[in-house]
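A.B. asks: Supplied in structure tokens, the structure appears directly below.
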Amino acid sequence: MINLYTWATPNGRKISIMLEELGLDYAVSPVDLGKLEQFSEHFSAISPNHKIPAIIDTEPGDSEPVVIFESGAILTYLAEKSGQLLAQHGQARYSALEWLHWQTSALGPMLGQLGFFAVRSHEKSPLAIARFTEEVDRLFTLMEKQLSSHAYLAGDDYSIADIACYPWVQAAVVYFKDVLKASFDNKPALQRWLNTIADRPAVKLGMAVPKL
């Protein structure tokens, strides 16, 4: 059994989508960020960076449970555990890992900054909003270029790279639609990819975790 510590955020939903895609049994332990439960002693022992998601796999195939925080590490672990959604070798493997790490180092952080300055902050900073809007558009343009010649981000096959990116792009469409409308409107390949991923049954299930 895998215990998933998560909340209703793009990072959390990456892992519930992955678990649904793999058909693995898992339990959900919600970590209410609004109540600062990520700083509890119990969760801090699992995720010392005080961030969701995290997992404990009590059946890893050896005697000790496997405890992992950071979404990229969790996705890679689950892919290797199951032998699915990440090629075992060759270019396909490293293309998926490239886009996975691109999401965790670029797409997620930049959308997070845009969300803070453009949506959540009470004091608006036009310079910061312009800076992060421009950077997000650059990243979406990169996705558009890749998806114009490939079905999925890493190539012809759906992979952990798509799972990592989808919840963030979907959240941007919903929450930043006024800020990013011009960026989305001229990116048909990105829109096609977003709709394709959204239609997957496992994605629909994973996006509903945790049930609040």
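The values are calculated or read from the model by the stated rules, or taken from the named source; none is laboratory data. Keep in mind the model is a prediction, meaning the values are calculated, not measured. With ideal geometry, Cβ positions are generated from the backbone for all residues, glycine too; neighbour counts draw on all protein chains shown. In case anyone asks, the SASA skips ligands and DNA or RNA and just uses the protein heavy atoms, side chains included. Shrake-Rupley method; radii C 1.70, N 1.55, O 1.52, S 1.80 Å.
A.B. asks: Pick out, in residue order, every one of the trypsin sites (Lys or Arg not before Pro) in region 181-212 that is DSSP loop and has at most 11 other C-beta atoms within 10 Å; say none if there are none.
C.D. replies: Numbers: sites: Lys181, Arg192, Lys204, Lys211; in loops: Lys211.
Within region 181-212, the qualifying trypsin sites (Lys or Arg not before Pro) (loop, at most 11 other Cβ atoms within 10 Å) are Lys211.
A.B. asks: To the nearest 500 deg cm²/dmol, what mean residue ellipticity at 222 nm is calculated for the chain from DSSP H runs of n ≥ 4 alone, each contributing -39,500 (n - 2.57), summed and divided by the residues? Kindly include the intermediate steps, with their values, before the conclusion.
C.D. replies: Numbers: 10 runs with 118 residues, N = 212.
Roughly -17000 deg cm²/dmol at 222 nm, from the helical runs in the chain.
A.B. asks: Same structure again: Using just the C-alpha positions of region 129-212 as equal point scatterers, what log10 of I(q)/I(0) does the Debye formula give at each q in 0.12 1/Å?
C.D. replies: Per q value, in the given order, log10 I(q)/I(0) is -0.36.
A.B. asks: Sticking with this one: Excluding ligands, DNA and RNA, what is the solvent-accessible area per residue of region 66-168 at a probe of 1.4 Å, expressed in Å²? Intermediate values should be presented prior to the final figure.
C.D. replies: Details: 5060 Å² over 103 residues.
Each residue of region 66-168 exposes 49 Å² on average to a 1.4 Å probe.
A.B. asks: Just flag the GluC sites (Glu not before Pro) in region 1-78 sitting in loop per DSSP whose Cβ has no more than 14 other Cβ atoms within 10 Å.
C.D. replies: Answer by residue number: there is no such site.
A.B. asks: Shape call for region 17-79 from the C-alpha gyration tensor, a ≥ b ≥ c root eigenvalues: rounded (a/c under 1.5), prolate (a/b greater than b/c) or oblate? Don't jump to the answer; show the numbers that get you there.
C.D. replies: On the way: a/c = 1.95, a/b = 1.50, b/c = 1.30.
Cα axes put region 17-79 in the prolate bin.
A.B. asks: List the extent of the Cα atoms of region 41-169 along each of their three principal axes, largest first, rounded to whole Å.
C.D. replies: Sorted largest first, the three principal extents are 54, 45, 16 Å.
A.B. asks: In percent, how large is the relative contact order of the chain, given Cα pairs closer than 8 Å and 6 or more residues apart?
C.D. replies: Worked out over the chain, it gives 26 percent.
A.B. asks: Tell me whether region 166-212 comes out rounded, prolate or oblate; compute the Cα gyration tensor, take square roots of the eigenvalues as a ≥ b ≥ c, and use a/c under 1.5 as the rounded threshold. List each step's numbers first, then the result.
C.D. replies: Values: a/c = 4.16, a/b = 1.52, b/c = 2.73.
Oblate, since a/c reaches 1.5 and b/c is not below a/b.
A.B. asks: While we're looking at this one, here's another question. Is there a quick way to get the dipole size of the chain? I mean about its Cα centre, with the Cβ of Lys and Arg at +1 and of Asp and Glu at -1; what is the value in debye to the nearest 20? Show your work: numbers first, answer last.
C.D. replies: Working: 18 positive and 24 negative charges, 156 e Å.
Once rounded to the nearest 20, the dipole reads 740 debye.
A.B. asks: A follow-up question, please. Given H placed 1.01 Å from N in the peptide plane, which residues other than close sequence neighbours of Thr6 have an amide H under 5 Å from its amide H?
C.D. replies: Ser29, Val31
A.B. asks: Another question, if that's okay. Would you mind checking the radius of gyration and Dmax of region 86-152 based on alpha-carbon positions, in Å?
C.D. replies: Calculated on Cα positions, Rg and Dmax stand at 15.1, 48 Å.
A.B. asks: Where in region 17-61 is the amide nitrogen less than 19 Å from a point lying 7 Å along the Cα-to-Cβ axis of Ser82?
C.D. replies: Label zone hits: 17-29, 53-61.
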